[in-house]
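Presented below is the structure to which this report refers.
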Amino acid sequence: MRLFFRILLVSIVALSCTKSGTSYVNNPDAPDYLHNRPVGASAKELLAANSFQSLKIEILYMTGYAPDASAISHLQATLESLLNKPSGITIITTEITPSSNSSLSINDIIEIEKNKRTAFTSGGQIAVCIVYTNGSYTDATTLGVTYKNTSVAVFGKKIQENSGAIGQPSRTKLEATIYEHELGHLLGLVDLGSPMQSAHKDGQHGNHCNNSNCLMYYTAETTSILGFLITGNIPSFDPNCRADLQANGGK
């Protein structure tokens with residue numbers, strides 16, 4: 001059976017701004033709304049320096065599924081070329097206890113984040129959390145999900161099954177592609193919080209770009225991207241997507 005590489009975008013309705021932040025075990029004083037808004041709601045905050053001068057990304061990885069170091073380096077370089085963060089971009093990794101479940105729902109992932117996340121938006125720093133699991137999503141074909149304004153999950157078992165072997169793309173290429181596509185949605189692409197400067201949304205495939213050579217093209221959600229990555233480079237944002245990011249406060 002053909003395995004689909006899908007990046008599932010899940011928008012979570014923002015919680016009330018007046019609610020006291022008590023849901024995150026490691027930061028009980030943080031207002032919930034800072035990390036419980038819809039995907040794309042923090043696009044300008046992530047791109048521009050007006051509200052936040054630095055970005056911290058925490059990758060919570062389950063034992064045995066440490067993220068690929070080269071993919072992290074590629075992600076950092078990509079973000080540094082796009083974001084106005086004069087005080088810098090930091091990516092840290094934190095090992096966490098493996099899940100006992102072979103598949104995880106969005107609610108399961110949110111519970112993991114609630115209990116394990118330690119990087120939070122505060123002062124001049126905005127924070128993003130990536131949960132890197134040892135299992136699969138409830139939809140077993142999915143490799144990554146973007147589910148809140150500063151929250152992403154990637155599924156390590158599926159990544160390892162589909163990269164690194166003969167006839168497969170390198171793990172670095174696949175993992176970096178997942179990270180950067182997902183972060184593209186957090187940055188508001190396409191038409192999720194970074195207004196389009198010209199019409200380039202693929203109306204038939206959700207919040208994706210209509211340029212087949214762009215990282216935000218919808219085929220990044222199918223196995224067709226796997227074949228491309230065997231011989232091709234990690235996709236990048238095309239001029240239309242970059243224009244959207246620049247207009248919303250990016251470089």
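The values are calculated or read from the model by the stated rules, or taken from the named source; none is laboratory data. Because the structure is predicted, anything quoted here is derived from the model rather than measured. Ideal geometry is used to build each Cβ from the backbone, glycine not excepted, and the neighbour counts take in all protein chains shown.
Looking only at segment 120-137, filter to residues that are part of a strand (DSSP E or B), within 15 Å of residue 46 (Cα to Cα) and among the small types (Gly, Ala, Ser); which one of those is farthest from the chain's Cα centre (by Cα)? This residue is 122. Only residues that are among the hydroxyl-bearing types (Ser, Thr, Tyr), part of a strand (DSSP E or B) and surrounded by 15 or more Cβ atoms within 10 Å (Cβ to Cβ) were counted in segment 87-106, giving 3. Quick check: anything in segment 155-173 surrounded by 18 or more Cβ atoms within 10 Å (Cβ to Cβ), closer than 30 Å to residue 50 by Cα and touching a residue at least 24 places away in the same chain (Cβ under 8 Å)? Taking every residue of segment 155-173 in turn, none turns out to be surrounded by 18 or more Cβ atoms within 10 Å (Cβ to Cβ), closer than 30 Å to residue 50 by Cα and touching a residue at least 24 places away in the same chain (Cβ under 8 Å).
Look at segment 129-146: where a residue is closer than 20 Å to residue 185 by Cα and a partner is among the basic types (Lys, Arg), sitting 6+ places away or on another chain with Cβ atoms under 6 Å, you get 129/117; 141/6; 142/6; 143/158.
Return the total of residues in segment 225-242 being in a loop (DSSP other than H, G, I, E, B) and either more than 14 Å from residue 74 (Cα to Cα) or at pLDDT below 95 (or both). Matching residues across segment 225-242 total 5. Between a residue in segment 107-119 that is in a loop (DSSP other than H, G, I, E, B) and any residue that is surrounded by fewer than 19 Cβ atoms within 10 Å (Cβ to Cβ), which pairs come within a Cβ distance under 6 Å, given they are 6 or more apart or on different chains? Short answer, once both residue conditions are applied: 118/26. Within segment 190-202, the residues that satisfy the criterion of being part of a loop (DSSP other than H, G, I, E, B) and without any contact (Cβ under 8 Å) to a residue 60 or more places away in the chain are 190, 191, 195, 196, 197, 198, 199, 200, 202. When 141, 177, 146 are screened for being modelled with pLDDT under 95 and touching a Pro at 6+ places or on another chain (Cβ under 7 Å), only 177 passes. Being part of a loop (DSSP other than H, G, I, E, B), polar (S, T, N, Q) and either within 16 Å of residue 185 (Cα to Cα) or at pLDDT 70 or above (or both) holds for only one residue in 16, 20, 11, and it is 11.
Yes/no matrix, rows are residues, columns are (1) modelled with pLDDT of 95 or more; (2) out of contact with any strand residue (DSSP E or B) (no Cβ under 6 Å at 6 or more places or on another chain):
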| position | (1), (2) |
| --- | --- |
| 40 | yes, yes |
| 49 | yes, yes |
| 91 | yes, no |
| 94 | yes, no |
| 101 | no, yes |
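The set of residues in segment 106-160 being of a type in the set (Gly, Ala, Ser) and in contact with a helix residue (DSSP H, G or I) (Cβ under 7 Å, 6 or more places away or on another chain) consists of 135, 136, 144, 151, 153. Taking the listed residues 230, 234, 178, the one that is touching a residue at least 12 places away in the same chain (Cβ under 8 Å) and in contact with a Lys or Arg (Cβ under 6 Å, 6 or more places away or on another chain) is 234, with no other qualifying. The set of residues from segment 36-49 being in contact with a helix residue (DSSP H, G or I) (Cβ under 8 Å, 6 or more places away or on another chain) and not aliphatic (A, V, I, L, M) comprises 40, 42.
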